[in-house]
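Participant: Take a look at the following structure, please.
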Amino acid sequence: MKQRWMWCGVLAASAGMFAGRLMAQDARTVVEPVIPPGCAVLEAKLSASEHGLAAADEEKLDTARIQKALDGCGKGHAVVLHADGAGNAFLSGPLELRAGVTLVVDKGVTLFASRDAAVFETSPGSCGIVAQKRGGCKPLISVMHVSGAGVMGDGTIDGRGGEKILGKSVSWWDLAEQARPGGGQQCFRLIVANVADNFTLYRITLKNSPNFHVTYSGGDGFTVWGLKIDTPKRLARNTDGVDPGGGAKNITITHSYLRTGDDNVALKGGAGGITNVTVSHNHFYWGHGMSIGSETNGGVSKIRVFDLSLDGPDNGIRIKSNGSRGGLTHDVVYDDVCVRNSPNPITLDTGYTAAGTLTGDSPPTMKDVTLHNVRVSGGGKISFNGYAKEYRVGANLDDVLLTDDAAYTYSLHHADIHLGPGPVNLKLEGGEDSTVTGTPGNGTAASCEAKFVPFPAE
């Protein structure tokens, strides 16, 4: 049923000045998407078992017939991938969405990505290798310079990142490990949207991407509602969940369940920056957490994250950058967030090492970052680490509570922390070139019990 989503409950539960601060966000009025009527229904010709596709089916690509249907579909309509008896699978190479056209994967249907690197290559031999330059592979689904497109349905898109590339002894994820000492894995992404206004992901399940699952840049209006991402924790390097950034604005990620091999969500403030983002009513599991960065050089602002559970991630609330890719991150609010069993439940850090060079001519600053009604359990390291005396981390902690007696450690450098008016029991003291001001009030943490829910079964 169509369901209108609004801020009323959050504003009613938050008082005074803090309630007013929550209002900057995705500037659109976001409502639950509706699957459009079909212009074409394609019947599945392949049958998949729990072990995937049969070896004999690996050459039976559906790319051409799916693309033909997308090209012929009118705006406001959808191409539907539908089961037909024992047929429950499609196999495809790169697809391109058209303006106003939605690809729908029906319940019980899986769209598998081809294991043939050659169909994704941007030049001969460029995909399925480790090389210094990037851009060797086309994505499975491209959404380029079109508006109103979408990917929807209760089915699954499987990138098969852990399966061996045809003709090779390694998988896409093996390539990522081979590239760890240096070089770049030339592995395709599942969905790449660029300058795609009002792009929508709705109810779809994404699995096993060889690289990032979803990226969105340069567009105005991106809605993610009811998305599930299900990819292994340790095997799948660089398999971020949803990464908006690079000139993107007016973004809502809501009612979704994400477990990935890297960032669950990463808001990237590269060239053009990112602004007006709402991340609400979500559940994250393993992964690298609710991240901002590491690119912040284009600026990050007007970010609202609320009603979020993070259950067992490597990082919980995380803003990361360094001197080679930093800029201003400000006007960021986290409200009603529960983190448990994370080695790094709260991390605001300007020494992010995985991005390469730590120093450079683009130093990061983080200020006007508010954590309200945040509850942490399971121990871990809490970090507020600025870059230098002139490039600091500034955070307001209001009702931020550790809810158990587990072991916690702290790192505080070039930081200015204000506590209160709500209770705060973090032991923030003695940091290098840092100040801690304010007077926390008294109170107890609201229960997180109802927030930690199992990952949904398919």
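The values are calculated or read from the model by the stated rules, or taken from the named source; none is laboratory data. No experiment lies behind these values; they were computed from the predicted model shown. Cβ placement follows ideal geometry from the backbone for every residue including glycine, while neighbour counts extend to all protein chains displayed. Protein only, heavy atoms only, side chains kept; ligands, DNA and RNA dropped before computing areas. Shrake-Rupley method; radii C 1.70, N 1.55, O 1.52, S 1.80 Å.
Participant: Check off (1) surrounded by 24 or more Cβ atoms within 10 Å (Cβ to Cβ); (2) outside any loop (DSSP other than H, G, I, E, B); (3) in contact with a Ser or Thr (Cβ under 6 Å, 6 or more places away or on another chain) for residue 157 and give me the number that stays unchecked.
Facilitator: (3)
Participant: For the stretch 415-425, which residues satisfy the criterion of being in contact with a strand residue (DSSP E or B) (Cβ under 6 Å, 6 or more places away or on another chain) and either open to solvent by 60 Å² or more (accessible area, probe 1.4 Å) or closer than 25 Å to residue 321 by Cβ (or both)?
Facilitator: Result: 415, 416, 417, 418, 419, 424.
Participant: Sticking with this structure for a sec: Can you go through 192, 224, 146 and tell me which one is on the phi < 0 side of the Ramachandran plot, part of a loop (DSSP other than H, G, I, E, B) and not basic (Lys, Arg)? Before the answer, list the steps.
Facilitator: Working: 192 fails: part of a loop (DSSP other than H, G, I, E, B); 224 fails: part of a loop (DSSP other than H, G, I, E, B).
Answer to the check: 146.
Participant: Using beta carbons and a limit of 8 Å, which pairs, at least six apart or on different chains, have the first residue in the stretch 101-126 and among the acidic types (Asp, Glu) and the second one part of a strand (DSSP E or B) and open to solvent by less than 10 Å² (accessible area, probe 1.4 Å)?
Facilitator: What qualifies is 106/81.
Participant: Another question about this same structure. If you check 95, 70, which single one turns out to be free of Cβ contacts under 8 Å to residues at least 60 places away in the same chain, closer than 21 Å to residue 199 by Cβ and touching a helix residue (DSSP H, G or I) at 6+ places or on another chain (Cβ under 8 Å)? Steps first, please.
Facilitator: Numbers: 70 fails: touching a helix residue (DSSP H, G or I) at 6+ places or on another chain (Cβ under 8 Å).
Answer to the check: 95.
Participant: If residue 252 passes every condition in (1) in contact with an Asp or Glu (Cβ under 6 Å, 6 or more places away or on another chain); (2) closer than 19 Å to residue 377 by Cβ; (3) open to solvent by less than 10 Å² (accessible area, probe 1.4 Å) but one, which one does it miss?
Facilitator: (2)
Participant: Out of all the residues in the stretch 294-307, which are closer than 29 Å to residue 203 by Cβ and either open to solvent by less than 10 Å² (accessible area, probe 1.4 Å) or at pLDDT below 95 (or both)?
Facilitator: Once the filter is applied, which keeps residues that are closer than 29 Å to residue 203 by Cβ and either open to solvent by less than 10 Å² (accessible area, probe 1.4 Å) or at pLDDT below 95 (or both), the stretch 294-307 yields 300, 303, 304, 305, 306.
Participant: Could we say that residue 210 is buried (at least 24 other Cβ atoms within 10 Å of the Cβ) and either modelled with pLDDT under 95 or in a loop (DSSP other than H, G, I, E, B) (or both) here?
Facilitator: yes
Participant: Give the residue, chosen from 27, 12, that is aliphatic (A, V, I, L, M), under 30 Å from residue 305 (Cα atoms) and at pLDDT below 85.
Facilitator: Working: 27 fails: at pLDDT below 85.
12 is the lone residue from the list that is aliphatic (A, V, I, L, M), under 30 Å from residue 305 (Cα atoms) and at pLDDT below 85.
Participant: Continuing with the same structure: Quick one: is residue 233 more than 25 Å from residue 35 (Cβ to Cβ) and either β-branched (Val, Ile, Thr) or not in a loop (DSSP other than H, G, I, E, B) (or both)?
Facilitator: no
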